Amino acid sequence: MRLGTFLISALKAPVWIAAIPTGAKSFVGNPVIGSPRLNRWGLHVARMRLAAFLAGPRRRWLGRRVAEDFRTAYARDGFVVMPDFLPAPDFERLRAEVLDEPWDAHEMRQGSTVTRRVLLDVARLRPTKPALAAFLRSRDVLSRIRYVASTGGEPAFSIQCILANAGGAVDDPQCTVHSDTFHSTAKAWFFLHDVGPDEGPFLYVPGSHVVSPQRLAWERAQSLSARGDAKRDHAEGSFRIPIEDLHRLGLPAPKSIPVRANTLIVADTFGFHGRTPSPATTRRIEIYGSLRRNPFAPWTGLDPLSLPGVKTRIGSTLVLLDKLGIARMPWRPVGRIRLDAPPQI
Ligand SMILES: [Fe+2]
């Protein structure tokens with residue numbers, strides 16, 4: 001090792017080590033987390049086990065606000081599908097508020113799929129979009145997302161438009177079955193349209209949110225080589241899994257989940273999931289929420305994004321953090337457009 005490289009590593013080492021008790025997951029961005037030697041000694045598996053252990057009591061506490069049938073479905077499958085979520089008049093009002101006007105949008109291209117997002121601030125929506133604002137602050141929505149994420153924090157909500165087969169050459173990495181990270185984390189989709197079997201529905205491997213001995217052994221094997229993996233997302237800690245490995249882990253085949261409009265899905269994306277490849281050009285629009293916090297916190301509160309004045313302005317807070325270079329977003333602004341406009345990037 002050259003002297004310069006050694007000195008830089010010595011200076012950065014405390015930062016890499018300090019990231020171990022956080023949600024940091026990149027095997028390529030953090031040489032300590034990605035170290036084959038440390039992972040042979042059990043670092044990655046120990047982080048997984050401790051995160052799962054701490055999620056248990058947090059989730060039990062949050063379960064006070066969640067119905068038993070939801071808890072049972074989550075424990076069995078790792079995701080919960082709730083059709084006819086809103087009363088029909090409320091749903092129609094919400095859908096009109098979302099679809100009838102242009103929005104300040106961001107876009108990201110992953111292969112042939114473009115994802116368009118409108119980051120949402122409840123504070124700004126309340127005067128003009130009351131049905132949407134009420135949905136985002138609804139106890140029924142928040143408590144379910146928090147339960148699955150096993151944290152009491154504030155989800156980040158956006159309107160999401162998936163434009164599948166929108167040109168571009170590379171495959172969509174979201175279509176590869178994967179786990180987002182090494183611990184429980186929640187994503188939610190509230191669908192404004194039907195999503196048929198050929199329109200790129202969500203897919204999930206039922207039961208793959210469980211930290212089983214087989215899963216731990218598979219994770220340990222991945223952790224030894226992940227930092228050199230050619231699949232960028234895999235090296236970054238979102239492990240991709242071949243279908244044959246699912247069978248070896250004793251898991252079923254991925255289940256594709258077509259839905260009707262007015263369905264809410266909340267899923268623990270530690271479990272293996274993805275998007276069913278769409279054979280045709282499709283466009284679907286949904287309200288999307290995500291919630292991920294430090295998996296090693298023993299508590300469910302003390303979330304900076306839950307502070308008064310911040311929790312109703314999470315969209316603009318994320319844009320500000322991006323501008324300051326504190327938390328970079330992969331999204332680029334594309335101006336004020338209708339949600340059904342063609343891709344801008
Ligand atoms: Fe994912």
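The values are calculated or read from the model by the stated rules, or taken from the named source; none is laboratory data. The shown structure was predicted, so the numbers you read here are calculated from the model rather than taken from an experiment. Because the Cβ atoms are built from the backbone with ideal geometry, glycine has one as well, and the counts that use them run over all protein chains shown.
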Could you go through segment 282-292 and let me know if any residue there is within 16 Å of the chain's Cα centre (by Cα), in contact (Cβ under 8 Å) with a residue 60 or more places away in the chain and outside any strand (DSSP E or B). yes
Please specify each residue of segment 295-324 satisfying the condition of being of a type in the set (S, T, N, Q) and within 22 Å of W189 (Cα to Cα). S306, T312, S316, T317
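Residue by residue, here is whether (1) surrounded by 12 or more Cβ atoms within 10 Å (Cβ to Cβ); (2) without any contact (Cβ under 8 Å) to a residue 40 or more places away in the chain holds:
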{"position": "I257", "(1), (2)": "yes, no"}
{"position": "T263", "(1), (2)": "yes, no"}
{"position": "G271", "(1), (2)": "yes, no"}
{"position": "A297", "(1), (2)": "yes, no"}
{"position": "G309", "(1), (2)": "no, yes"}
{"position": "T312", "(1), (2)": "yes, no"}
{"position": "R328", "(1), (2)": "no, yes"}
{"position": "D340", "(1), (2)": "no, no"}
{"position": "Q344", "(1), (2)": "yes, no"}
State the number of residues belonging to segment 258-277 that are away from the ligand (no atom under 16 Å from the Cβ) and either of a type outside the set (V, I, T) or part of a strand (DSSP E or B) (or both). 6
Identify, please: which residue in segment 178-228 is within 16 Å of the ligand (Cβ to nearest atom), assigned to a loop (DSSP other than H, G, I, E, B) and at pLDDT below 95 and is, among those, surrounded by the fewest Cβ atoms within 10 Å (Cβ to Cβ)? P201
Residue satisfying condition, being farther than 22 Å from W103 by Cβ, β-branched (V, I, T) and assigned to a loop (DSSP other than H, G, I, E, B), within set T312, T300: T300
Select, from F27, F85, the only residue that is aromatic (F, W, Y), in contact with a Gly (Cβ under 8 Å, 6 or more places away or on another chain) and part of a loop (DSSP other than H, G, I, E, B). F27
S158: passes all of (1) buried (at least 23 other Cβ atoms within 10 Å of the Cβ); (2) farther than 23 Å from L321 by Cα but (2)
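For (1) over 21 Å from H183 (Cβ atoms); (2) part of a helix (DSSP H, G or I); (3) in contact (Cβ under 8 Å) with a residue 24 or more places away in the chain, each residue gets a yes or a no:
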position: T5; (1), (2), (3): yes, yes, no
position: M48; (1), (2), (3): no, yes, yes
position: A52; (1), (2), (3): no, yes, yes
position: R60; (1), (2), (3): no, yes, no
position: D69; (1), (2), (3): yes, yes, no
position: D90; (1), (2), (3): yes, yes, yes
position: L94; (1), (2), (3): yes, yes, yes
Within segment 125-147, identify whether any single residue is in a helix (DSSP H, G or I), among the polar types (S, T, N, Q) and either within 16 Å of the ligand (Cβ to nearest atom) or at pLDDT 95 or above (or both), and answer yes or no. yes
Name the single residue that is nearest to the ligand (Cβ to nearest atom) among those in segment 229-247 being within 15 Å of G274 (Cα to Cα) and in a loop (DSSP other than H, G, I, E, B). S238
Considering (1) touching a residue at least 40 places away in the same chain (Cβ under 8 Å); (2) out of contact with any Leu (no Cβ under 8 Å at 6 or more places or on another chain); (3) more than 25 Å from A88 (Cα to Cα), say which one D121 fails and leave the rest. (3)
If G325 meets every condition in (1) within 16 Å of the ligand (Cβ to nearest atom); (2) assigned to a loop (DSSP other than H, G, I, E, B) apart from one, which number is that one? (1)
Please enumerate the residues belonging to segment 248-257 that are within 19 Å of the chain's Cα centre (by Cα) and either away from the ligand (no atom under 16 Å from the Cβ) or among the aliphatic types (A, V, I, L, M) (or both). I257
Residue list for segment 108-117, filter: over 15 Å from P155 (Cβ atoms) and at pLDDT 85 or above: M108, R109, V114, T115, R116
Failed item in (1) surrounded by 18 or more Cβ atoms within 10 Å (Cβ to Cβ); (2) within 16 Å of the ligand (Cβ to nearest atom); (3) in a strand (DSSP E or B); (4) at pLDDT below 95, with A105 passing the rest: (2)
